[in-house]
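The values are calculated or read from the model by the stated rules, or taken from the named source; none is laboratory data. Since we're looking at a predicted model, the values are computed, not measured. Methodologically, a virtual Cβ is constructed for each residue, glycine included, from the backbone with ideal geometry; neighbour enumeration extends over all protein chains shown. Side chains included, ligands, DNA and RNA excluded: accessible areas come from the protein's heavy atoms. Shrake-Rupley method; radii C 1.70, N 1.55, O 1.52, S 1.80 Å.
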Amino acid sequence: MLAWLESTQFSAWTRGESIWGWPFALTVHAFGTAIVIGYIFIINLRLLGFFRTIPFSSLNRLFTFIWIAFVFQFLSGFMLWMTKPSRYVTDGAFLAKFSLVIVGIGVTLYFYDTVKREAASWEAAGGVSSRGVKFVAATFLVWCSVLVAGRLTAYLGSLYTG
């Protein structure tokens, strides 16, 4: 199955038969990463007391953009992955990054649910509960780790050697 994926015309196009395949997939992936992590950081900073003019209840609208960016991340990530799937499934650095992404999605889903449920009470209280602050710490840690692991995949893994 992996060999078949790697030998498809689409994989060859992405891998480099076209000057547009790899740059397109990588650009979409980079912008998706920027949107996901950037918006999560904006939400987190608001929960830590920055951007006080933004009501807690309006933060839910930012999650829509995060979910859309996740879709683009998945699609562009799959495009990149299918260029050499047999190498990706055995690369420790990539597997670490991918595991962190899965954890990040889980934490973000739970974080979204928490913001949705507790935003009104945070507004009434004038601040975020300790539970909300814990999610800020968890999401900062996980998504910073995803970002670093993603960059290190190119340097510590075996994807781009010989």
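For the chain, what does the helix formula give at 222 nm: sum of -39500 (n - 2.57) over DSSP H segments with n ≥ 4, over the residue count, nearest 500 deg cm²/dmol?
Value at 222 nm, helices only: -26000 deg cm²/dmol.
For the Cα atoms of the chain, what angle does the longest principal axis make with the long axis of helix 21-47, in degrees from 0 to 90, nearest 10?
Once rounded, one gets 20 degrees.
Where a Cα-Cα gap under 18 Å defines reach, which aspartates and glutamates qualify for LYS84, not counting those fewer than 8 residues away within the same chain?
Of all the aspartates and glutamates, those that pass the test against LYS84 - Cα under 18 Å, at least 8 places apart if same chain - are GLU6, GLU17.
State, to one decimal in nm, how far the label point of ARG131 lies from the label point of ALA3, with both points 7 Å from Cα in the Cβ direction.
Distance between the two pseudo-spin positions: 5.3 nm.
Per the 1.4 Å probe, what fraction of the accessible area of the chain, in percent, lies on carbon and sulfur atoms?
With neighbouring chains kept in place, the figure for the chain is 72 percent.
Using only Cα atoms, find the angle between the long axis of helix 60-81 and the longest principal axis of the chain, and express it within 0 to 90 degrees, rounded to the nearest 10.
That works out to roughly 10 degrees.
Identify the residues of segment 121-158 with backbone N under 14 Å of a label point that sits 7 angstrom from the Cα of SER57 along the Cα-to-Cβ direction, or state none.
Residues 121-126 qualify, since their backbone N sits under 14 Å from the label point.
Kindly report the accessible area of the chain per residue (heavy atoms of protein chains, probe 1.4 Å, no ligands, DNA or RNA), in Å².
About 57 Å² of surface per residue is accessible.
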